[in-house]
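A quick write-up on the structure given underneath.
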Amino acid sequence: MENQIIKQEKKDVSKVVPYGIGLALSGGGAKGFAHLGAIQALEEKGIKPDIISGTSAGAIVGAFYACGFKPKEILEMFMKHDVKDFLSFTLPKESFLKYDGFRKFMEKTFPVKSLEELKIPLYTVAADFDNGLCKVFTEGELVPRVLASCTIPIVFKPIKIDGVRYVDGGLFKNFPVSPIRGLCRKVIGVNVSPKLVEEYEDNVLHVAVRSYQFMFKQNAVEDSKLCDLLLEVDSIDEVSTFDLKNAYKIYEQGYRQMVELLEENNN
């Protein structure tokens, strides 16, 4: 099945790479449930990644999947919760929201403590807020690095790791294909945020999130060109960043579109 994904593959025996299939998962808030549907469709065709890279929501999905959980298991875990179980408002001195609940949820659920222990190698992408650099974590404590990848500035307080403050990786690389491109023979990319949500609430929190979405969308353009197989989930534009109520609907959309894409590439 792997050889059928891209029929135009050119053989280059001079280049030896450590991984066969890489999976790049974009940021996108609750739209990240579409990643789970896409992965389910891939698994049903016998396609499993040898390495995963993820930003924000993609880092979250990538972490759970790399731990060994199945897509439907992950979906069911989240569907048992409401957003208030994960997030809470705080005094807006450093941020608007805090995610103590989500941190505890991951610490309790993940069967491993570090990136090195994962069943599938995972690259989590964050932004070094102190030095203005894109940071790709490949080792270290798992939960703080996943949280750093999805810490939207202003909305959340930066995560400090080894004395450096980190925020959402989407600031520089919302669709992390390039971190693994040179390591894989083929890269499958799933971008769940190819478009902006047209409707949004006129308050500080939603305006802040929308402002970052403009940056996230723009910096994904070049990485999209690096995929051997690219899925852009484009029918969930109405979903807000913290919308858990439509998790199953979003999952189904990602599943359907990946099934269709695989069928197109096999004809």
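The values are calculated or read from the model by the stated rules, or taken from the named source; none is laboratory data. Just so we're clear, the structure is a prediction, and the values are computed from it rather than from any experiment. Here the Cβ positions follow ideal geometry from the backbone for every residue, glycine too, while neighbour counts run over all protein chains shown. The accessibility values were calculated without ligands, DNA or RNA, using every heavy atom of the protein model including side chains. Shrake-Rupley method; radii C 1.70, N 1.55, O 1.52, S 1.80 Å.
Based on this model, can you work out whether K7 counts as among the basic types (K, R) and either modelled with pLDDT of 95 or more or under 25 Å from T151 (Cβ atoms) (or both)?
Working: among the basic types (K, R): yes; either modelled with pLDDT of 95 or more or under 25 Å from T151 (Cβ atoms) (or both): no.
The answer is no for K7.
Please state which of the following conditions A41 fails to meet, knowing it meets all the rest: (1) at pLDDT 95 or above; (2) out of contact with any Phe, Trp or Tyr (no Cβ under 6 Å at 6 or more places or on another chain).
(2)
Kindly indicate whether S56 is modelled with pLDDT of 75 or more, closer than 22 Å to A247 by Cβ and of a type in the set (S, T, Y).
Spelling it out, S56 is indeed modelled with pLDDT of 75 or more, closer than 22 Å to A247 by Cβ and of a type in the set (S, T, Y).
Please work out which residue is surrounded by the fewest Cβ atoms within 10 Å (Cβ to Cβ), limiting yourself to the stretch 108-123 and to residues that are in contact with a helix residue (DSSP H, G or I) (Cβ under 6 Å, 6 or more places away or on another chain) and under 19 Å from V187 (Cβ atoms).
My answer is I120.
Give the residue, chosen from G37, G58, that is closer than 22 Å to A127 by Cβ and in contact (Cβ under 8 Å) with a residue 24 or more places away in the chain.
Going through G37, G58 in turn, just one is closer than 22 Å to A127 by Cβ and in contact (Cβ under 8 Å) with a residue 24 or more places away in the chain: G58.
So, in the stretch 223-248, of the ones that are at pLDDT 90 or above and over 16 Å from the mean Cα position of the chain (by Cα), which residue ends up surrounded by the fewest Cβ atoms within 10 Å (Cβ to Cβ)?
K225
Here's a check for you: in the stretch 45-55, which residue that is open to solvent by 10 Å² or more (accessible area, probe 1.4 Å) and either among the polar types (S, T, N, Q) or touching a Phe, Trp or Tyr at 6+ places or on another chain (Cβ under 9 Å) (or both) is nearest to D228 (Cα to Cα)? Can you show your working first?
Of the residues in the stretch 45-55, the ones open to solvent by 10 Å² or more (accessible area, probe 1.4 Å) are 45-46, 48-50.
Checking which are either among the polar types (S, T, N, Q) or touching a Phe, Trp or Tyr at 6+ places or on another chain (Cβ under 9 Å) (or both) leaves us with 49-50.
Numbers: P49: 13, D50: 15 Å.
Only one residue fits best here, namely P49.
Every residue in the stretch 133-179 that is over 13 Å from the mean Cα position of the chain (by Cα), buried (at least 19 other Cβ atoms within 10 Å of the Cβ), at pLDDT below 95 and not aliphatic (A, V, I, L, M), please.
Those that are over 13 Å from the mean Cα position of the chain (by Cα), buried (at least 19 other Cβ atoms within 10 Å of the Cβ), at pLDDT below 95 and not aliphatic (A, V, I, L, M): F156, P158, F172.
Give the residue that is nearest to G182 (Cα to Cα), with candidates limited to residues of the stretch 17-30 that are open to solvent by less than 10 Å² (accessible area, probe 1.4 Å) and either polar (S, T, N, Q) or assigned to a helix (DSSP H, G or I) (or both).
Per the stated criteria, the residue is S26.
Modelled with pLDDT of 65 or more, surrounded by fewer than 22 Cβ atoms within 10 Å (Cβ to Cβ), under 16 Å from the mean Cα position of the chain (by Cα) and hydroxyl-bearing (S, T, Y) - does that describe any residue in the stretch 180-202?
no
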